[in-house]
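Written out below as structure tokens is the structure these notes cover.
The numbers here are math on the coordinates, done by the rules we state, and not lab data. As the structure is a computational prediction, the values presented were derived from the model and not from experiment. Virtual Cβ from ideal backbone geometry, glycine too; neighbours counted across all protein chains shown.
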Amino acid sequence: MSQGALSVPHHTQTRSGWLDSLSTLLFVRRRLLLACLLIPPLLWFGVIYLGSLLSLLANSFFKIDEFSGQLVREFTLQNFIDLFQPANIDVAVRSVVMSSAVTVACAALAFPLAYYMARYARGTQKAILYIAVMLPLWSSYLVRLYAWKLLLAKEGAISWVLQAVHMQWLLDAFLTLPVVGGNSLSFSPFGTFVVFVYMWLPFMVLPILVALERIPPSLIEASADLGSTPSQTFWKVIWPLAMPGIAAGSVFTFSLTLGDYIIPQVIGNSTKYIGQVVYTQQGVAGNLPFAAAFSIVPIVVIGVYLWLAKRKGVFDAL
Amino acid sequence: MPSNPISSAPVRVSKAPGASLGLKISTWAVVAFLHIPLALIILYAFSAEDKTYVFPPPGLTTKWFAVALGREEVWAALLLSVKVALWATGIAMVLGTLAAAALARTQFFGREAINVLLILPIALPGILTGIALRSGYHTLEIPFSFWTIVIGHATFCVVVVYNNAVARLRRMSPTLIEASMDLGANLFQTLRYIILPQLGSALLAGGLLAFALSFDEVIVTTFTAGQQTTLPIWMLQELVRPRQRPVTNVVAVFVIALTAIPILLAYWLTRADEDSQTR
């Protein structure tokens, strides 16, 4: 911010003296320096981001004129009442169930990997594993989704492998199940679930890894010295200390699943999740107020989730 | 898993005893789960089959690369994505660095709130950021343009630069700055000769990650782009209604390369720094 003074042209003669006094001023009055540094980011976030969130909140109390489709700026709670229609509750419950299932599956897959990385992997192997987790985390969401379309397609790689080992019947039997089954893997809720797990898995691995790496080796030695078996050490020392990592990861997996509208649109049957309802309400239906009201549902769910986690004390060890 | 041999070792030398076979298998199985799909994408880009996703591909060819290179709409989308990512990264680097400089070593009322505010766009589901910006634009009657995309991207990119810069600033010794000023340098000389050289690679890493993040973003973009097509939006259209599968395969490989390079570079930049810190 303050470097801007460097480019003031008509001060070139007294430039160093001028800069020196500005420098002294800023150095002595730290609050002024702090203000100079903070004003641009605060303006950006305060005006653009918070302003947008507030306008979203305000919109959720407006309504759409049924005949003209125009936004009517009048206070109403109708949108929030509409949220409690059975169809909408259905969508919310389904989304929460899916998010919970994805979170549990991610934790189950991420824990062994993070545990191995934290306790056993060293040097090059550790770097390779770290990159192996980092790369999918940052690399293209759409490309990875596309890869699953290729994998899960009826003529795709998974079917081919199952046919090669003569297990196709197993997949067919699985797909006839109610709830999770469908025409093919790429049109079944189970397919949606697998892709969600795949997408958010790195978000679970990294926090668990951080939590496990914080456990001092001396603690594990002490536990052994005091006579506990390896499995007692694991369940009484390591597991409770890994819990904050799992909790932090679960916030990511839960919130990301809850808000996603692209994965269930590409992989899965036509069952809807919160994200899709919000998306179609504001887009095709043109009902921004209702979409705004519905988009508050994930915030409330995540808030309740965080509150429960805090009450259970999972963040205490952080 | 409970049968881990760590605690049975009487003296822990730097090399820990080996993991159980079950743990090793599950570790590498999860790594395979994370990477087989990406490998498959690369294989499909060479597939001679252009109507279905049949596996294994009946033959291999490189002709789709030439076809994809000839597509003007792909080039236009790519160019738009790169331009948006460059602008968003630039804005994010300025705002993220300023915020990091202000918050890294200070304590004041509201500091935590500002921290949360910076993280919020990436912590809340993307659809919320997207729809909020859209309703904001709508309220102010701002028409969609190149800049509405850039504003959205810059907002969620700031935190990436901020995180990298804060981590580096906290590791930097404050005595160096004091020494520089004791020796007669003013604040700007100290910034130019002491702070920026040390901060540089962290900023570069943050910028690279911000670029990768913006280049690939689709959820916020669909809400702020109007009629414009960035590369992710082009891909999304192909995902929902596949029309040109071979071209999509090639573009996917290209996107993998274009995001993987900045990510690996950023990792390498901050990695080398961590090593020198511990030495």
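Helix-derived [θ] at 222 nm for chain A: sum -39500 (n - 2.57) over DSSP H runs of at least 4, divide by residue count, nearest 500? Show your work: numbers first, answer last.
Working: 16 runs with 216 residues, N = 318.
Estimated from H runs of four or more residues: -21500 deg cm²/dmol.
Taking N as the number of residues in chain A, what is its alpha-carbon radius of gyration divided by 2.2 N^0.38 Å?
Details: Rg = 26.4 Å, N = 318, 2.2 N^0.38 = 19.6 Å.
Ratio of Rg to 2.2 N^0.38 Å for chain A: 1.34.
How many angstrom lie between the Cα centre of region A:39-64 and the Cα centre of region A:240-268?
25
For region B:136-225, just the Cα set please: Rg and Dmax, both in angstrom.
In Å, with Rg to one decimal and Dmax whole: 18.3, 54.
Would you calculate, for chain B, the mean residue ellipticity at 222 nm contributed by helices, counting each DSSP H stretch of 4 or more residues as -39,500 (n - 2.57) and dividing by all residues, to the nearest 500? Before the final figure, lay out the partial values.
Numbers: 12 runs with 202 residues, N = 279.
-24000 deg cm²/dmol, from helical runs alone.
Which aspartates and glutamates, on any chain, are close to B:Lys51 with Cα under 19 Å apart, when same-chain ones fewer than 8 places away are left out?
A:Glu155, B:Glu238
Taking a cut-off of 25 Å, what percent of all Cα-Cα pairs in chain B are separated by more than that? Could the numbers behind the result be given before it?
Numbers: 23955 of 38781 pairs.
Counting pairs separated by more than 25 Å, the tail of P(r) holds 62 percent.
Over 29 Å between C-alpha atoms is what I'm after, so list which of A:Lys236/A:Lys312; A:Lys126/A:Lys236; A:Lys236/B:Lys24; A:Lys272/B:Lys24; A:Lys272/B:Lys63 land there. Walk me through the intermediate numbers first.
Working: A:Lys236/A:Lys312 17 Å; A:Lys126/A:Lys236 26 Å; A:Lys236/B:Lys24 23 Å; A:Lys272/B:Lys24 38 Å; A:Lys272/B:Lys63 39 Å.
A:Lys272/B:Lys24; A:Lys272/B:Lys63, as the Cα separations exceed 29 Å there.
Run through region A:111-187 and list the trypsin sites (Lys or Arg not before Pro) located in a DSSP loop whose Cβ has at most 14 other Cβ atoms within 10 Å. Please list the in-between numbers first.
Numbers: sites: A:Arg119, A:Arg122, A:Lys126, A:Arg144, A:Lys149, A:Lys154; in loops: A:Arg122, A:Lys154.
Sites meeting the loop and neighbour criteria: A:Arg122, A:Lys154.
Report, in cubic angstrom per residue, the convex hull volume of the C-alpha atoms of region A:203-318. Spell out each step's value before the answer.
Values: hull volume 14.3 nm³, N = 116.
Here the figure is 123 Å³ per residue.
May I ask for the longest run of chain A untouched by chymotrypsin sites (Phe, Trp or Tyr not before Pro) that are loop-located per DSSP and have at most 12 neighbouring C-beta atoms (other than their own) within 10 Å? Working shown, then result.
Details: sites that count: A:Phe67, A:Phe75, A:Phe84.
No qualifying site falls inside A:85-318, the longest such stretch.
Return the whole-Å distance between the Cα centroid of region A:194-214 and the Cα centroid of region B:152-205.
30
Have a look at A:Leu171, A:Leu54, B:Gln107 and report the one farthest towards the positive end of the charge dipole of the protein assembly as shown, computed about the Cα centre with Cβ charges (Lys/Arg +1, Asp/Glu -1).
B:Gln107
Restricting to Cα pairs below 8 Å that are 6+ residues apart, what does the relative contact order work out to for chain B? Please round to a whole percent. Each step should come with its number before you reach the end.
On the way: 276 pairs, mean separation 72.5, N = 279.
Relative contact order here is 26 percent.
Placing unit charges on C-beta atoms (Lys and Arg positive, Asp and Glu negative, everything else neutral), compute the dipole magnitude of region B:62-278 about its Cα centre in debye, rounded to 20. List each step's numbers first, then the result.
Details: 14 positive and 12 negative charges, 66 e Å.
In debye, rounded to 20, region B:62-278 gives about 320.
Just order B:242-248, B:176-182 by mean Cβ neighbour count inside 10 Å, highest at the front, would you? Spell out each step's value before the answer.
Details: B:242-248: 18.3, B:176-182: 14.1.
Ranked by mean Cβ neighbours within 10 Å, highest first: B:242-248, B:176-182.
Using alpha carbon coordinates only, what is the Rg to Rh ratio of the protein assembly as shown, with Rh defined as the Kirkwood radius?
Details: Rg = 26.1 Å, Rh = 26.5 Å.
On the Cα set of the protein assembly as shown, Rg over Rh gives 0.99.
So what is the relative contact order for chain A, in percent, with contacts set as C-alpha pairs under 8 Å and at least six apart? Numbers along the way, then the final one.
Numbers: 321 pairs, mean separation 69.7, N = 318.
Normalised by residue count, the contact order of chain A is 22 percent.
Return one quarter of the surface area of the convex hull spanned by the alpha-carbon atoms of region A:225-283, equal to its mean projected area, in nm². Let's see the in-between values first.
Working: hull surface 24.3 nm².
Projected area, direction-averaged: 6.1 nm².
Distance between the C-alpha centers of region A:141-184 and region A:89-124? Whole Å please.
Each part's Cα centre sits 22 Å from the other's.
For peptide A:129-139, what's the mean number of Cβ atoms from other chains within 10 Å of each residue's Cβ?
Numbers: counts 4, 2, 6, 7, 3, 4, 9, 7, 2, 13, 10.
For peptide A:129-139, the averaged partner shielding equals 6.
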